Amino acid sequence: MRTIIQNTKTGEYLRKGEWTADRSLAQSFRNVDEAVHYRLKHVLKAEMQVIFQPGDEPSEWDVTVSRE
């Protein structure tokens with residue numbers, strides 16, 4: 001299971017403090033708490049969503065959580 005952060009405006013994924021278009025390079029967090037803590041600690045201003053990806057590849061089983 002991967003937990004990753006996506007910028008909802010650009011569609012890019014967080015990778016070590018920067019953004020990448022390549023989902024496979026996205027930084028993986030252990031859980032949603034760690035992802036949210038990272039966002040708060042690093043004051044990410046981007047509109048973002050957290051994606052739970054059960055496997056290594058995107059699939060219909062991915063779950064997306066966003067705040068509007």
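The residues of region 1-24 that are of a type in the set (Phe, Trp, Tyr) and touching a helix residue (DSSP H, G or I) at 6+ places or on another chain (Cβ under 8 Å) amount to a single one, TYR13. Picking from residues in region 9-45 that are of a type in the set (D, E, K, R) and in contact with a strand residue (DSSP E or B) (Cβ under 8 Å, 6 or more places away or on another chain), the one that is farthest from SER59 (Cα to Cα) is ARG39.
Would you confirm whether or not region 14-28 contains a residue that is among the aromatic types (Phe, Trp, Tyr) and under 15 Å from THR64 (Cβ atoms)?
no
Of the residues that make up region 30-47, is at least one of a type in the set (A, V, I, L, M) and touching an Asp or Glu at 6+ places or on another chain (Cβ under 7 Å)? The answer is no, given that none of the residues of region 30-47 is of a type in the set (A, V, I, L, M) and touching an Asp or Glu at 6+ places or on another chain (Cβ under 7 Å).
Can you report the number of residues in region 29-40 which are exposed (fewer than 15 other Cβ atoms within 10 Å of the Cβ) and either assigned to a loop (DSSP other than H, G, I, E, B) or not aliphatic (A, V, I, L, M) (or both)? Number of matching residues: 5. Could we say that ALA46 is more than 11 Å from the chain's Cα centre (by Cα), modelled with pLDDT of 90 or more and surrounded by fewer than 17 Cβ atoms within 10 Å (Cβ to Cβ) here? Here the answer is no, as ALA46 does not meet what is asked.
The values are calculated or read from the model by the stated rules, or taken from the named source; none is laboratory data. The structure displayed is predicted, hence computed values, not measured ones. Quick reminder, even Gly has a Cβ in these numbers, built from the backbone with ideal geometry, and neighbours come from all protein chains shown.
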